[in-house]
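Novice: Sharing a structure below in structure tokens format, with a few things to ask.
The values are calculated or read from the model by the stated rules, or taken from the named source; none is laboratory data. None of these values were measured; they are calculated from a predicted model. Counting neighbours? That spans all protein chains shown, and the Cβs are built from the backbone with ideal geometry, glycine included.
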Amino acid sequence: MNARLIATGESEARVEGPLDFDTVGPLLAAGEALLRRPGALQIDLSGVTAANSAGLALLLEWMDLARSRRITVSYLHLPESLLRIAAFSNLEALLPVAEGSRLAPPCILALVDDHKPTRYSSAIQLDGRARI
């Protein structure tokens, strides 16, 4: 399936489709074109149907490109899969999430060996032990 980056306004765009190894190349080129405009760009990711580490790399590349052009880029509605990958990679703080956008995936509390509640972004409870 193809993914698209669509300009939805003067300083807004929307991604639709999957962010994976097959789609990030064309999306990078489309983002480069949008990042030629001065000012700021807010990219809505609510139309992303699936995402993996290639999608995270794309968002980081767009940030780097924007920074080199002195443009501000921010992301709305990051998919939970990208948030989990970013958190696991210690890159979550680098992502410029737009104010008012969802900042984190739903969390659950799980009991670990010492039976104290522990917060996990994504956990499965098996045999009384939390697994990420």
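Novice: From the list L83, L28, L59, exactly one residue is aliphatic (A, V, I, L, M) and over 13 Å from the mean Cα position of the chain (by Cα). Which is it? Please lay out each step first, then the result.
Specialist: On the way: L83 fails: over 13 Å from the mean Cα position of the chain (by Cα); L59 fails: over 13 Å from the mean Cα position of the chain (by Cα).
On inspection, the qualifying residue turns out to be L28.
Novice: Sort out which residues of region 11-62 are of a type in the set (F, W, Y) and over 16 Å from L95 (Cβ atoms), and write them in order of number.
Specialist: Correct list: F21 only.
Novice: Another one. Take the residues in region 18-60 that are part of a strand (DSSP E or B) and in contact with a Ser or Thr (Cβ under 6 Å, 6 or more places away or on another chain), then tell me which one is surrounded by the most Cβ atoms within 10 Å (Cβ to Cβ).
Specialist: A51
Novice: Moving on to the next point. Among the residues of region 61-95, what is the count of those that are surrounded by fewer than 16 Cβ atoms within 10 Å (Cβ to Cβ) and farther than 19 Å from P26 by Cβ?
Specialist: 12
Novice: Quick one: G39 ticks every box in (1) farther than 25 Å from R70 by Cβ; (2) modelled with pLDDT under 95 except a single one, so which number is it?
Specialist: With respect to (1) farther than 25 Å from R70 by Cβ; (2) modelled with pLDDT under 95, G39 is out only on (1).
Novice: I've got another one for you. For region 1-17, what are the residues that are in a loop (DSSP other than H, G, I, E, B) and more than 24 Å from I85 (Cα to Cα)?
Specialist: Listed by number, the residues that qualify are E10, S11.
Novice: So, one more: Applying the selection to region 14-48, what residues are closer than 18 Å to L76 by Cβ and basic (K, R)?
Specialist: R14, R37
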